[in-house]
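Shown next, in structure tokens, is the structure this report addresses.
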Amino acid sequence: MKISILKFFFLVVFIFCFSSEETLANKIRIGSLQYGSVNWELKLIKDLELDKKNSFELEIVELASKNAAAVALQGGAVDLIVTDWFWVSRQRSEKRLFSFVPHSMAAGGLIASKNSNIINDLDLKNKKIGVAGGQVDKGWLIFRAYYKKKYGTDLIDLSRPIFGAPPLLNKKMQ
């Protein structure tokens, strides 16, 4: 998690360092999901006053969903959101010139309890699968595509996906 915080912080500093003085903002408004990891990282930046120490003010705008974040960015209520390249690619294909800057190497993961009898991806048949996010979460879409290519069937037809915020799914798993 520490590396992700540093990468995000350096991204923000990079944006400010390469902006002209005319466009340099004293405040950057970042839209973030209320219960996500990014929100936790942003709050840590604020708590450690890393924004002030680097001559800008970070304003965290807490939002309820990825859709709310996209609307906030498109409407100018925030300057930046953390989203995936699927969303940015779709916007660019519709002539909306948003940019994507990778901030993490994580593309999702599959976690099973150590007491589980799930050994490999074939063992997911008839199991509940907790998906952090919604039906269009990139990790879920990529895993479904992988499963379909490997086994010729859609995992959504073989399992019971449960969509929710990461903290809720973690509690459910425990």
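Quick note: the coordinates plus some simple rules give every number you see, no bench work behind them. The shown structure was predicted, so the numbers you read here are calculated from the model rather than taken from an experiment. Reconstructed Cβ throughout: ideal geometry from the backbone, glycine too, with neighbour counts over all protein chains shown.
One table, with the values for the structure above:
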| item | result |
| --- | --- |
| Which listed pairs, of 27/66; 43/127; 149/172; 43/150; 27/171, have C-alpha distances above 32 Å, in listed order | 43/127; 43/150; 27/171 |
| Footprinting exposure proxy for 98, 56 (fewest neighbouring C-beta atoms within 10 Å first) | 98, 56 |
| Neighbour-count order for 94, 49, fewest beta carbons within 10 angstrom listed first | 94, 49 |
